[in-house]
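Let me begin by presenting the structure, written as structure tokens, before commenting on it.
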Amino acid sequence: MSLDADHTEGEVLSTTLLIVCLVIVTALAFDFTNGFHDSANAMATSVATRALSPKTAVLIAAVLNVVGASLSTEVAKTISSGIVEDSLVSPEMVFAGLAGAILWNLATWLFGLPSSSSHALFGGLIGAVIVKAGLNGVHMGTIVSKIILPALVAPVVAGGAAALATAVAYKISNDTKSSQGIFRHAQSVSASLVALAHGTSDGQKTMGVITLVLIAAGFQTAGTGPQWWVILIAGCAIGLGTYSGGWRIMRTMGKGLCDIESPQGFAAETSSTVAILASSHLGFALSTTQVCSGSILGSGLGRRTEVRWSTAGKMAVAWVITLPSAAIVGGLASLIAGIGIGGMLIDMALLLVGALLIVRQSRKSAVDSKNVNDSGEVNVRTRTAVTEGAAA
Amino acid sequence: MTIDWISLAKVAIVTVIVAVAIVAIVSGGAHALDKAHARQAAGDGAASMVMIGWSAIGLAGLAVLYGLYLLIPYFH
């Protein structure tokens, strides 16, 4: 950052500090939405089969997410894993990208749709970089190989494994009280592994983003790990997010796709766990959200129960539009942030208003830990629907 | 653009085989314990079935430990 003749060194420092603070706050907000968005990945089947009570399920998921987040504190080398030209990424762009990702996470939550938080973050960053540096700043090949192909592969692999595993479970076991008990416990164990794995990958992501921004601003030496307070606040943010449950998404995944019984839930969670562990250790990264949704769908096919394809279709649409939608919001936010620090504050205000409007809309048809299992539908009531409902 | 098809195939194959194996082992264990309960109810000896059942579940427990080993970087 070059010193302006009109500005003293102190002023520049305080502006940098303000930018860094804004990025940290939005990164933590993103981490929170990441937590409640992905709570369902681990716990939806256990909540649906009542292997765990809703409150216990999210508490376990939250604790394991925090534990997972603090297990590994190796900082990612780049924010975007090569999807955009990292040398072009400024703290303002990270801020704009995070804003796009937060709004998209909230919007999909409103509709009860599981969508990948990493895709939302990458989308937001891509939009911010395109606005600033044009299409050349984006690596299209990496988008295909790291986002589009894994998104197509994940549901097929996890779904196939879950379908076979479910068929095997029903072939071998009998429908007795003792068997059901074993499957319920086994299901809780495999779901806990998914939560822990989620913490180690996603919990760390936000720490990495904050640390990279601190390094870029000169507050931290390059090549050093996250500060203890960054680990602490990022862990708390994802843990609180997970504990808050994201019940709308939990309902869609646990009740909306198909009816889930214990052996089937166990087969689905086991397939998800194995797919996540295999993908992170054999070098082909798959998105947790798409793995878990695919497993649940596959387990329904394996048990030959009715699968609600209309819900699956809506989810597929959400996956396809996640990246471009977050990119549009990220791009707009980046345009406004380009004005300077005032632009970032305007972004922040717009983000707050948007978030509040979405939360207010969600209140009209609230889904919580008490009614999560009552139906498979997540309604977004418009004003007319409410009056119709009142008239009926 | 480079796509690592070999890793992709490995992930797919390992996922299907390991997931099906673990679920089969636990299901087999549950089945064995069911049989043991039935024999006990009939007044017959069920020790071997109980042992088979719990060994299978123990085996699945080992798979969980291996999963933890993979997840926790401290072990690597």
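Quick one: would you say A:Gly82 is in a loop (DSSP other than H, G, I, E, B), farther than 30 Å from A:Arg248 by Cβ and within 14 Å of chain B (Cβ to nearest Cβ)?
Spelling it out, A:Gly82 is indeed in a loop (DSSP other than H, G, I, E, B), farther than 30 Å from A:Arg248 by Cβ and within 14 Å of chain B (Cβ to nearest Cβ).
I'd like to check something: does segment A:213-225 contain any residue that is more than 9 Å from chain B (Cβ to nearest Cβ), out of contact with any Cys (no Cβ under 7 Å at 6 or more places or on another chain) and within 25 Å of A:Ser293 (Cβ to Cβ)?
no
Report those helices (runs of 4 or more DSSP H) wholly inside segment A:102-181 carrying at least 3 residues which are within 14 Å of chain B (Cβ to nearest Cβ) and surrounded by 24 or more Cβ atoms within 10 Å (Cβ to Cβ).
Hits in segment A:102-181: A:149-172.
List pairs: first residue in segment A:163-181 and more than 18 Å from B:Lys35 (Cβ to Cβ), second residue at pLDDT 95 or above and open to solvent by 60 Å² or more (accessible area, probe 1.4 Å) anywhere in the structure, Cβ distance under 6 angstrom, at least six positions apart or on different chains.
If the second residue must be at pLDDT 95 or above and open to solvent by 60 Å² or more (accessible area, probe 1.4 Å), the pairs left are A:Ala163/A:Leu301.
Taking segment A:168-203 as the search range and keeping residues that are of a type in the set (A, V, I, L, M) and within 26 Å of the chain's Cα centre (by Cα), which one is nearest to A:Glu269 (Cα to Cα)?
Top of the filtered list is A:Ala191.
Considering each of A:Thr166, A:Thr176 in turn, give the residue that is at pLDDT 90 or above and in contact with a Lys or Arg (Cβ under 6 Å, 6 or more places away or on another chain).
A:Thr166
Within segment B:44-76, count every residue that is open to solvent by 60 Å² or more (accessible area, probe 1.4 Å) and within 23 Å of A:Ser70 (Cα to Cα).
Within segment B:44-76, residues that are open to solvent by 60 Å² or more (accessible area, probe 1.4 Å) and within 23 Å of A:Ser70 (Cα to Cα) number 6.
So which helices (runs of 4 or more DSSP H) are wholly in segment A:208-312 and hold at least 1 residues that are surrounded by fewer than 24 Cβ atoms within 10 Å (Cβ to Cβ)?
Those helices (runs of 4 or more DSSP H) span A:228-244, A:262-281, A:288-302.
Looking only at segment A:66-87, which residues are at pLDDT 80 or above, open to solvent by less than 50 Å² (accessible area, probe 1.4 Å) and in contact with a Phe, Trp or Tyr (Cβ under 9 Å, 6 or more places away or on another chain)?
A:Ile83, A:Val84
Which pairs turn up if I take residues in segment A:272-286 that are more than 7 Å from chain B (Cβ to nearest Cβ) and look for partners that are small (Gly, Ala, Ser) and surrounded by fewer than 24 Cβ atoms within 10 Å (Cβ to Cβ) with beta carbon separation below 8 Å, at least 6 apart in sequence or on another chain?
Close Cβ pairs (under 8 Å, with a partner that is small (Gly, Ala, Ser) and surrounded by fewer than 24 Cβ atoms within 10 Å (Cβ to Cβ)) amount to A:Ser280/A:Ser201.
For segment B:1-43: of the residues being among the aliphatic types (A, V, I, L, M) and in a loop (DSSP other than H, G, I, E, B), which is most open to solvent (accessible area, probe 1.4 Å)?
B:Met1
So is A:Gly246 modelled with pLDDT under 95, in contact with a His (Cβ under 7 Å, 6 or more places away or on another chain) and either within 14 Å of chain B (Cβ to nearest Cβ) or on the phi > 0 side of the Ramachandran plot (or both) or not?
Yes, satisfied.
Collect the residues in segment A:321-356 that are within 21 Å of the chain's Cα centre (by Cα) and not aliphatic (A, V, I, L, M), keeping them in residue-number order.
Across segment A:321-356, the qualifying residues are A:Thr322, A:Pro324, A:Ser325, A:Gly330, A:Gly331, A:Gly354.
The values are calculated or read from the model by the stated rules, or taken from the named source; none is laboratory data. Predicted, not measured: the structure shown is a model, and the values here were computed from it. Every residue, glycine as well, gets a Cβ built from its backbone with ideal geometry; the counts of neighbours run over all protein chains shown. Accessible surface areas use protein heavy atoms only, side chains included; no ligands, DNA or RNA. Shrake-Rupley method; radii C 1.70, N 1.55, O 1.52, S 1.80 Å.
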